1. Could you list, in sequence order, the residues of segment 133-164 that are farther than 15 Å from ILE111 by Cβ and under 18 Å from the mean Cα position of the chain (by Cα)?
2. Modelled with pLDDT under 85, open to solvent by 80 Å² or more (accessible area, probe 1.4 Å) and either within 21 Å of GLU12 (Cα to Cα) or among the hydroxyl-bearing types (Ser, Thr, Tyr) (or both): does that describe TYR57?
3. What single numbered condition from (1) among the charged types (D, E, K, R); (2) surrounded by 14 or more Cβ atoms within 10 Å (Cβ to Cβ); (3) at pLDDT below 85 fails to hold for ASP68?
4. How many of the residues making up segment 135-148 are within 13 Å of ILE67 (Cα to Cα) and open to solvent by 20 Å² or more (accessible area, probe 1.4 Å)?
5. Any residue at all in segment 107-126 that's open to solvent by 100 Å² or more (accessible area, probe 1.4 Å), closer than 26 Å to ARG62 by Cβ and at pLDDT 80 or above?
6. Looking at segment 154-185 only, could you name the residues that are touching a residue at least 24 places away in the same chain (Cβ under 8 Å) and within 27 Å of THR113 (Cα to Cα)?
Amino acid sequence: MIKHNDQYIAKESLTPLLMVVVMFVLGLYAAINTSEIWCVLGAVFFGFGVIIYAYKYIRYGRITLIIDSEGITIKDWGKTKTYNWWWDIVSVYTSWNVSYFVRFVERRLSIKTSVNGEQYEFHDICLSDLYCRSKSVRKAIEKYAGQSRFDYEASRKSRHYAAKMLLATLVAAIVIFICITFFSE
């Protein structure tokens, strides 16, 4: 999170890149010391990951979220910028969504814009990939657009939904562990 020149800027985290580099180095170390095929395949796989991330960062830069007095700007992979002007934005809220890919739960910023006054468009950006907190994003939106733009009710509902999903997952994991422990003998 960077605050300068009357803007709130959140840039993409380097954590995935660092994880891929560490996994590549560990795979390379294991491949050199053990010469197992699995270690070599792991080193090659994570080596491709390092190459892809390096290409992305050199060519396109990092994903950036900018909140200022004019609106919300999202700079994404393909050097495309999405401008959401405050006069077009109907509501904004942060949400916790269940994801079944890389993370189980991810934070998102959802932007609802009005096209003709009758139709709505929805834009999302994953906050889990950025160096920012939901609270600081909310405060930046309140500062530049006023409190009327931020939808507290939608944020609360999505937070409760994610909490219920995590609780259900935890209970299911405990039940499965108990069943495996008692019935494995």
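1. Selection gives ARG133, LYS135, SER136, ARG159, TYR161, ALA162, ALA163.
2. It is false that TYR57 is modelled with pLDDT under 85, open to solvent by 80 Å² or more (accessible area, probe 1.4 Å) and either within 21 Å of GLU12 (Cα to Cα) or among the hydroxyl-bearing types (Ser, Thr, Tyr) (or both).
3. Answer for ASP68: the failing condition is (3).
4. Applying the first criterion (within 13 Å of ILE67 (Cα to Cα)) to segment 135-148 yields 136-146.
The next check asks that each one be open to solvent by 20 Å² or more (accessible area, probe 1.4 Å); those that pass are 136, 138-139, 142-146.
Counting residues in segment 135-148 that are within 13 Å of ILE67 (Cα to Cα) and open to solvent by 20 Å² or more (accessible area, probe 1.4 Å) gives 8.
5. Among the residues of segment 107-126, at least one is open to solvent by 100 Å² or more (accessible area, probe 1.4 Å), closer than 26 Å to ARG62 by Cβ and at pLDDT 80 or above, which makes the answer yes.
6. Result: ALA154, SER155, SER158, ARG159, TYR161, ALA162.
Listed here are the residues, each with its yes/no results for (1) touching a helix residue (DSSP H, G or I) at 6+ places or on another chain (Cβ under 6 Å); (2) under 30 Å from LYS135 (Cβ atoms).
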position: GLN7; (1), (2): no, yes
position: MET19; (1), (2): no, yes
position: THR34; (1), (2): no, no
position: ILE67; (1), (2): yes, yes
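The values are calculated or read from the model by the stated rules, or taken from the named source; none is laboratory data. Every value quoted in this text rests on a predicted model; they were computed, and no experiment measured them. Cβ: placed from backbone, ideal geometry, glycine included. Neighbour counts: every protein chain shown. Calculation scope for accessible area: heavy atoms of the full protein, side chains included, ligands and nucleic acids excluded. Shrake-Rupley method; radii C 1.70, N 1.55, O 1.52, S 1.80 Å.
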